[in-house]
Amino acid sequence: MRGVTHILTGILAGITLYDGFLSVAITALGSLFPDIDNSGSLISSNTGIRFVSKIFAHRGFFHSLWIPIFLYILVVARPEFSIIIIPFIAGYCVHIIGDSITPKGIKLFYPLKTPRLRGSIATGSWIENIIMMILLVITIYVIARRIL
């Protein structure tokens, strides 16, 4: 999936799960974060962290469940951080779900030898564009319902 689709899923997850702007923003950030391993991604190209892609393969470690699991353990140990970490985990997980429906897919427990979850929706395809437009309409609708 492209960054714009990921951020729409993150915003939609955020406004569905949370009321505050900060939580929605953190969820949106979480939805972009797994792509720090891709030098051309929305998050890498706008934050100056392209070096991460030289260390980690795209759709490897950062597209697994290890980071959400670690963050959840951190919340259990330090519940005071849950207001930041839980929305981030939500965004992170919607990113992983989004990439799991593409032909390249993801390995949930990379680097362990586990099956790759994959689908048939190619990144940048007309189907992804339709999904993105539907997400945009739903997001606008949910925001409008909250405002009105």
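The values are calculated or read from the model by the stated rules, or taken from the named source; none is laboratory data. Bear in mind the structure is a predicted one, so any value in this text is a computation, not a measurement. Neighbour counts run over all protein chains shown; Cβ positions are idealised from the backbone, glycine included.
Any residue that is surrounded by 15 or more Cβ atoms within 10 Å (Cβ to Cβ), charged (D, E, K, R) and not in a helix (DSSP H, G or I) - is there at least one of those in the range 68-81? Within the range 68-81, not a single residue is surrounded by 15 or more Cβ atoms within 10 Å (Cβ to Cβ), charged (D, E, K, R) and not in a helix (DSSP H, G or I). For the range 124-148, filtering for residues that are of a type in the set (D, E, K, R) and either in a loop (DSSP other than H, G, I, E, B) or under 15 Å from HIS6 (Cβ atoms) (or both) leaves 1. Among what's in the range 106-132 and is loosely packed, with under 15 Cβ neighbours inside 10 Å and of a type in the set (D, E, K, R), pick the residue that is nearest to VAL94 (Cα to Cα). Among residues in the range 106-132 that are loosely packed, with under 15 Cβ neighbours inside 10 Å and of a type in the set (D, E, K, R), the one nearest to VAL94 (Cα to Cα) is ARG116. Being in a loop (DSSP other than H, G, I, E, B) and either more than 30 Å from ARG146 (Cβ to Cβ) or modelled with pLDDT under 95 (or both) holds for only one residue in ILE43, ILE49, and it is ILE49.
Would you check if LEU135 is surrounded by 11 or more Cβ atoms within 10 Å (Cβ to Cβ), over 19 Å from HIS58 (Cβ atoms), among the hydrophobic types (A, V, I, L, M, F, W, C) and under 16 Å from the mean Cα position of the chain (by Cα)? If you could, list the steps in order and put the result at the bottom.
Numbers: surrounded by 11 or more Cβ atoms within 10 Å (Cβ to Cβ): yes; over 19 Å from HIS58 (Cβ atoms): yes; among the hydrophobic types (A, V, I, L, M, F, W, C): yes; under 16 Å from the mean Cα position of the chain (by Cα): yes.
The answer is yes for LEU135.
Could you check, for the range 95-102, whether at least one of its residues is farther than 21 Å from LEU8 by Cβ and in contact with a Gly (Cβ under 6 Å, 6 or more places away or on another chain)? There is no residue in the range 95-102 that is farther than 21 Å from LEU8 by Cβ and in contact with a Gly (Cβ under 6 Å, 6 or more places away or on another chain).
Within the range 1-40, how many residues are within 19 Å of ILE83 (Cα to Cα) and part of a helix (DSSP H, G or I)? Walk me through how you get there before you give the answer.
Kept after step one, since they are within 19 Å of ILE83 (Cα to Cα), are these residues of the range 1-40: 10-33.
This time we only want the ones that are part of a helix (DSSP H, G or I), so: 10-17, 21-33.
Residues flagged as within 19 Å of ILE83 (Cα to Cα) and part of a helix (DSSP H, G or I) within the range 1-40 amount to 21.
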